[in-house]
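Read through the structure below, which is laid out as structure tokens, and then see the notes.
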């Protein structure tokens, strides 16, 4: 299946773009998607532990299963204010 | 000599008026003036320790000598804000 | 510029006047406190408040609080207090602090309002809806340095 | 009423909009924090700031911060954050707290701005006068409850 990852803030630089299409095995989880990203992008790999993932207006857990066509957002460390 | 005492806030109630003319011996001090007030007004006497005295835009000490015609202000406990 | 605004004013204060100046370029934080007249105090329904002050000393003390807060916390501070009759919701006191960061801005704002309440010769006369009025119990005047 | 104002806004915030409503009759304290863009950061001259945000989550978090602060401190709270390009001195974030007394108003205001900085998905991209730009190092996103 294919999912889309939106890379917010500096995570777009780590992953080489603001939007990434990713092939995942069926029943893949958020954690699986991050693992693929980490293999592909070393800059992301070293920061993976500091990144949260959002779907819509909520943060999701790494164990969250993703449907085909899912859209997830990388939330790197924030600097609001 | 004669001095004038302005009674601010609740001190006007303790001393029976907002402005009091007081006879003092020559070379009288702020403390002497307060002692006369305390003798005359029991309500003031019981609160004397909580009252400051101002001349112009400054607080003065009890030992401050007063000239004839001095104008002093009673500053009872404050409730600004 | 707020420098030219009077620190004592007859009637309610207007917060907008104190915010009209643009933010200084080296300041990242603006902390403000305003006190407003409440409709109740110690269980009694309040209709309004009259603020009495010893004007020359009150004005000197407000300026001294600005200068002391500015030097202690390395910020810019403006304070003002209303005198006379105020209605429910009217602003009686304002503290405006601009500083580099929020820590010192909050600290200076907090210190300034706490100090105004103890070191400025102003007295609240509270009016109740039953027609009664009384001066609130206060706190013996302190110097600005004591605060 | 501030209830209808958007919590996220493109461009600088306007503090006056958040102060237009009259003070609630049961509130004696108004505490405000506003963050403004500074002209320098870590020794570098700054020309402006671009705020990027994850809009749906940022808006949900700002509303959650308002509700949590209101219930923890028993006050009324409104918060807002700017997105997009801001110049030096522009207001990027606002916290407005109205409460019975200053203690809880200051505490809620302080908690709200601290929490915004840790729990709202917004990123500062700082622009320097030499033409460079960079995202600031941030802090891993926390939940509102963790703050």
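The values are calculated or read from the model by the stated rules, or taken from the named source; none is laboratory data. The structure presented is a predicted model; accordingly, all values stated were derived computationally and were not measured. Cβ coordinates were reconstructed from backbone atoms using ideal geometry, including for glycine residues, and neighbour counts include every protein chain displayed.
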*Of all residues in the stretch C:29-43, how many are closer than 22 Å to residue B:77 by Cα and outside any strand (DSSP E or B)?*
3
*Just give me the residues in the stretch D:100-114 being buried (at least 19 other Cβ atoms within 10 Å of the Cβ) and within 10 Å of chain C (Cβ to nearest Cβ), in sequence order.*
D:102, D:105, D:106, D:109, D:110, D:113
*In the stretch D:26-43, what residues are more than 26 Å from residue D:75 (Cα to Cα) and surrounded by 17 or more Cβ atoms within 10 Å (Cβ to Cβ)?*
D:37, D:38, D:39
_Restricting to the stretch D:129-143, count the residues that are within 11 Å of another protein chain (Cβ to nearest Cβ), at pLDDT 95 or above and in a loop (DSSP other than H, G, I, E, B)._
6
*Would you mind finding the one in C:46, C:93, C:97, C:77 that is surrounded by fewer than 21 Cβ atoms within 10 Å (Cβ to Cβ) and not in a loop (DSSP other than H, G, I, E, B)?*
C:46
*Lone qualifier among D:58, D:78 - being within 10 Å of another protein chain (Cβ to nearest Cβ) and touching a residue at least 60 places away in the same chain (Cβ under 8 Å)*: D:58
_Yes or no: the stretch B:34-52 includes at least one residue that is touching a helix residue (DSSP H, G or I) at 6+ places or on another chain (Cβ under 9 Å), more than 16 Å from residue C:57 (Cβ to Cβ) and in contact (Cβ under 8 Å) with a residue 60 or more places away in the chain._
no
*Would the stretch C:115-136 turn up any residue that is under 24 Å from residue D:20 (Cα atoms) and either crowded, with 16+ Cβ neighbours inside 10 Å or in contact (Cβ under 8 Å) with a residue 24 or more places away in the chain (or both)?*
no
*Could you check the stretch B:6-81 for strands (runs of 3 or more DSSP E) lying wholly inside it with 2 or more residues that are in contact with a strand residue (DSSP E or B) (Cβ under 8 Å, 6 or more places away or on another chain), farther than 30 Å from residue D:103 by Cβ and within 12 Å of chain C (Cβ to nearest Cβ)?*
B:52-55, B:71-75
*If we keep just the residues of the stretch C:61-74 that are away from chain B (no Cβ under 14 Å) and assigned to a helix (DSSP H, G or I), which is surrounded by the fewest Cβ atoms within 10 Å (Cβ to Cβ)?*
C:71
*Tell me which residues, restricted to the stretch C:7-25, are assigned to a loop (DSSP other than H, G, I, E, B), buried (at least 17 other Cβ atoms within 10 Å of the Cβ) and either in contact with a helix residue (DSSP H, G or I) (Cβ under 9 Å, 6 or more places away or on another chain) or away from chain D (no Cβ under 11 Å) (or both).*
C:7, C:19
